[in-house]
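The values are calculated or read from the model by the stated rules, or taken from the named source; none is laboratory data. Predicted model only: the values in this text are computed from it and were never measured. Positions of Cβ are generated from backbone atoms using ideal geometry, with glycine treated the same way; all protein chains shown enter the neighbour counts. For the accessible areas, the whole protein counts, side chains as well, though only heavy atoms, and no ligand, DNA or RNA atoms are used. Shrake-Rupley method; radii C 1.70, N 1.55, O 1.52, S 1.80 Å.
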Amino acid sequence: MMKKQIALVKGDGIGPEVVNEGIKVLKTIEKYTDYSFEFKDAPMGGEVWKNCGESLPQTSLNIMAQSDTILFGAVGLPDIPQGVAEKAILKVRQDLDLYVNLRPVKLYPSLHDMCPLKPEIVENGIDIAVFRENTESVYAQIGGIVNQETAVNSMVYTRKGVSRIIEYAFEYVSRNKFDELISVDKANVLTVSQFWRQIYQSIGKKYPSIKQTSYYVDAFCQWLIRAPSSIHTVVTENMFGDIVSDEAAYLVGSLGMGASGNINPNGVSMYEPIHGSAPDIAGQGIANPIGTILSVKMMFEESFQDAYLGEMIDKSVEIALEKIRTIDIYSKYAQNNSQINRVNCTEMGDAVCIQIKSVLKK
Ligand code: IPM
Ligand code: MG
């Protein structure tokens, strides 16, 4: 029996709706395998802030720290001060030292019509993993306002912080037999980027068979829409990673599809869909749960070291998407195709679970 305790941060808006579908997937797996899951709620976000004045209560942080892994929905509400809910996420990343933010982006074969780029540009598909540094740079929150006239945020890079994300990315590339690791920086302007590039080149010497290319972030953003099929593995600093990962995510049709892992390779990690709390559609049951389900897939791969179940969840999502779609991916093409039906959040979760069950029952 493989017992795992999973902390649940359902959060705000559509967070609880999508996390419920993630739990459904976990319970399906529990039924047909040796895994046994214990779920513990770790409330965090805007609703909690309204109730108790804190967006990340210490009790929740303790539950997260003591669990084997964390499944996170979304936090943020339109009627609370800006930054309140966001600070909670940043604090979890800092306190649990979740220094790798892994953001995979993949265009599923049945969703080619959702890609905003011309078909000939994406003939060869899109399959990109962004490794974003997740604890430093401007997110270190060093700065302030001077005399109400000057605002400063410092970009903080440490040798330890830069080295460990680059090493993690090289190891991942080497383990999974990719042939290139692209580094994104702004070394033509920023001293911190020159520091980053030196460390990338020096660690890169240990991986002579992996092709190494450095791009400036502005040029990289251009290549991402010009030739996304040629890009597979990218390592970059915190804020550049925030930006390029949203750009990459939209190439596959909807932010609703995107999954991510906030990973501490030696500790507890947190998996979350990349979309936000989407208050405009909360409570309607129409959110896309695929980003959360694929975050559960990453949980198996990264936290439970179970590539087989990860692959299986991915295949199940792929098969489900051949026939059904939530509203965010229900394109004109889908509307005109009688083989593709529109479903709500729970129906999408059910469909993925049916696929998982049919594979595991054998
Ligand atoms: C993300 C988000 C967060 C970030 C915000 C909500 C703090 O945009 O996870 O990409 O900037 O890291
Ligand atoms: Mg972001």
- In the stretch 116-251, lysine pairs with alpha-carbon atoms under 19 angstrom apart (chain gap of 8 or more, or interchain): 5
- GNM on the chain, C-alpha springs below 10 Å: top fluctuator among Gly83, Gly241, Gly15? Gly83
- Given the options Gly258, Gly53, Gly349, state which has the largest fluctuation in a GNM of the chain using a 10 Å cut-off (strictly under) for Cα springs. Gly53
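Could you work out what % of the accessible surface of the stretch 116-251 is carbon and sulfur, using a 1.4 angstrom probe and leaving DNA, RNA and ligands out of the count?
52 percent
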- Note on the structure: Once both label points are put 7 Å beyond Cα along the C-beta direction, the Gln284-Leu90 separation in nm becomes 3.1 nm
- Query: Who wins for biggest fluctuation among Lys118, Lys24, Lys315 in a Gaussian network model of the chain, springs between alpha carbons below 10 Å?
  - Reply: Lys118
- Query: Taking the alpha-carbon centroid of each part, what is the distance from the stretch 49-82 to the stretch 1-45 in angstrom?
  - Reply: 16 Å
- Within the stretch 162-190, backbone nitrogen closer than 13 Å to the virtual label 7 Å beyond the Cα of Ala219 toward Cβ: 183-189
- Item | Per residue accessible area of the stretch 1-55, 1.4 Å probe, in Å² | 45 Å²
- Message: Restricting to Cα pairs below 8 Å that are 6+ residues apart, what does the relative contact order work out to for the stretch 116-251? Please round to a whole percent.
- Response: 39 percent
- Query: Considering amide H positions built from the backbone, and no H for Pro or chain starts, which residues 5 or more places from Lys211, or on another chain, come under 5 Å of its amide H?
  - Reply: Glu180, Leu181
- Solvent-accessible heavy-atom area per residue, rounded to whole Å², over the stretch 116-251 at 1.4 Å: 51 Å²
- Rank by packing, highest mean first: peptides 202-210, 55-63, with packing defined as the count of other Cβ atoms within 10 Å averaged across residues. 55-63, 202-210
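Please give the calculated 222 nm ellipticity per residue for the chain, where each DSSP H segment of at least 4 residues contributes -39500 (n - 2.57) and the sum is spread over every residue; nearest 500 deg cm²/dmol?
-12000 deg cm²/dmol
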- Query: lysines near Lys27 by alpha-carbon distance under 22 Å, same-chain residues fewer than 8 away left out - which ones?
  - Reply: Lys3, Lys4, Lys10, Lys40, Lys297, Lys315, Lys357, Lys361, Lys362
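For an R0 of 30 angstrom, estimate the FRET efficiency from the Cβ-Cβ distance between Asn124 and Thr158 and round to the nearest 0.05.
Details: r = 38 Å, r/R0 = 1.27.
Efficiency at R0 = 30 Å is approximately 0.20.
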- Label Lys357 and Ser331 with points 7 Å out from Cα along Cα→Cβ: what is the distance between them in nm? 3.1 nm
- By the Cα gyration tensor axes a ≥ b ≥ c (a/c under 1.5 gives rounded; else a/b larger than b/c gives prolate, otherwise oblate), the shape of the chain is rounded
- Query: Gap in Å between the Cα centre of the stretch 203-232 and the Cα centre of the stretch 136-192?
  - Reply: 16 Å
- Task: Could you pull out every whole DSSP H run in the chain that spans at least 24 Å of Cα extent along its own axis and averages -0.5 or higher on the Kyte-Doolittle scale?
- Result: 15-32
- Query: Expressed as a rounded percentage, what relative contact order does the chain have, with Cα pairs under 8 Å and six or more residues apart?
  - Reply: 22 percent
- Once both label points are put 7 Å beyond Cα along the C-beta direction, the Ala307-Ser338 separation in nm becomes 4.4 nm
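Suppose we keep just the DSSP beta bridges with both residues in the chain; what percent of those would be antiparallel, to 5?
40 percent
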